[in-house]
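Asker: Pasting a structure here, questions to come.
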Amino acid sequence: MRRALVGRVDLIGGGPGPADLMTVRAYRLLMAADVVVADRLGPFEELRGELDAHVEVIDVGKSPGHHPVPQHEINELLVAHALAGRRVVRLKGGDPFVLGRGGEEVLACEAAGVPVTVTPGISSAISVPQAAGIPVTHRGVAAAVHIVNGHGDLTPSALEALADPTVTTVVLMGVASLPRLAARAARHGVPGDTPVAIVENGHTERQRTIRSTLAEVVVDAVAAQVVNPAVIVIGQVARAGLLLPTATMLSESVT
């Protein structure tokens, strides 16, 4: 019996949501797929209708407190379909290597002898603040950016970044942990008047920005009924006086 040819896995970053913010390479790979293993966030619903009828779609999306397909099962799905000779696209929101567990999936493919490539995407850590007119770095204001996983505890380096007025801290997946984060930062001596912005549903019609300070952000977030997906920006770039043109304003200016 002849052995079936091994397929391949392409991890692609879908960017912050709109399909036209994907890279050309990511779009081409998606259109060439036999199987699409898709996350909850990203541009997939907008593009689903463009796929060929034979393409198998597997939804492995996670939401806060609800992970129906554990990561090890996602890894097994990618490997199994590729070993069956299929071309698999693993579509993620943002960038696969920015708090997206893309590295784990690459290692699983390599361990199974499956060819795997990674196509970068625009990370929500940068693009969602930008959509609200917030630059994560700005000359004379912030010279560095620290990206934090809101699901975990604050590391010593994250606390040092929060205390440094020249560093912007961007928190992904941090709505539920915001009270704990704010309390830890306060105990570490981070000033209570440090600006904070929460950008909810960035790059969508439902986008909104809640501006606050570290001392007041928990109360303000509750009052505004903030929900995921949201990106939290902490630092001087989040102050209202630094507001730059938003993505919507820029798009309107060229139409």
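Asker: Can you spot a residue in the range 49-68 that is surrounded by 22 or more Cβ atoms within 10 Å (Cβ to Cβ) and of a type in the set (A, V, I, L, M, F, W, C)?
Answerer: no
Asker: Now for a separate question. Could you give every pair whose Cβ atoms fall below 6 Å, whose first residue belongs to the range 201-215 and is more than 17 Å from Q225 (Cβ to Cβ), and whose second residue is surrounded by fewer than 20 Cβ atoms within 10 Å (Cβ to Cβ), counting only separations of at least 6 or pairs across chains?
Answerer: If the second residue must be surrounded by fewer than 20 Cβ atoms within 10 Å (Cβ to Cβ), the pairs left are H203/P18; T213/D193; L214/G192; A215/G192.
Asker: Do we have V69 as among the β-branched types (V, I, T) and within 16 Å of the chain's Cα centre (by Cα) here?
Answerer: Answer is no for this residue.
Asker: Here is a list of conditions, (1) over 19 Å from N228 (Cα atoms); (2) modelled with pLDDT under 95, and L99 meets all of them except one; can you say which number that is?
Answerer: (1)
Asker: Which of the residues that make up the range 1-49 are under 29 Å from P129 (Cβ atoms), outside any loop (DSSP other than H, G, I, E, B) and of a type in the set (G, A, S)?
Answerer: G13, G15, A19, A26, A38
Asker: Could you tell me whether R139 is within 19 Å of the chain's Cα centre (by Cα), at pLDDT below 95 and either closer than 22 Å to N75 by Cα or not assigned by TED's automatic domain parsing to the domain that holds R40 (or both)? Break it down into steps so the answer makes sense when it comes.
Answerer: Details: within 19 Å of the chain's Cα centre (by Cα): no; at pLDDT below 95: yes; either closer than 22 Å to N75 by Cα or not assigned by TED's automatic domain parsing to the domain that holds R40 (or both): yes.
Criteria not met by R139.
Asker: What is the residue count in the range 100-130 for residues that are among the hydroxyl-bearing types (S, T, Y) and either over 20 Å from H151 (Cβ atoms) or touching a Phe, Trp or Tyr at 6+ places or on another chain (Cβ under 6 Å) (or both)?
Answerer: Counting residues in the range 100-130 that are among the hydroxyl-bearing types (S, T, Y) and either over 20 Å from H151 (Cβ atoms) or touching a Phe, Trp or Tyr at 6+ places or on another chain (Cβ under 6 Å) (or both) gives 3.
Asker: Given V69, V88, V114, which one is more than 26 Å from L5 (Cα to Cα) and hydrophobic (A, V, I, L, M, F, W, C)?
Answerer: Step by step, each of V69, V88, V114 is checked, and only V69 is more than 26 Å from L5 (Cα to Cα) and hydrophobic (A, V, I, L, M, F, W, C).
Asker: Additional query: Mind checking which residues of the range 142-168 are aliphatic (A, V, I, L, M) and under 12 Å from the mean Cα position of the chain (by Cα)?
Answerer: I147, V148, listed by residue number.
Asker: Among the numbered criteria (1) in contact with a helix residue (DSSP H, G or I) (Cβ under 8 Å, 6 or more places away or on another chain); (2) farther than 30 Å from D164 by Cβ, which one does T117 miss?
Answerer: Failing condition for T117: (1).
Asker: Here's a follow-up. So which residues in the range 202-220 are surrounded by fewer than 17 Cβ atoms within 10 Å (Cβ to Cβ) and under 22 Å from G17 (Cα atoms)?
Answerer: Passing the criteria: T204, E205, R206, R208.
The values are calculated or read from the model by the stated rules, or taken from the named source; none is laboratory data. Since the model is a prediction, treat every value here as computed from it, not as a measurement. Cβ sites come from the backbone with ideal geometry, for glycine too, and all protein chains shown count toward neighbours.
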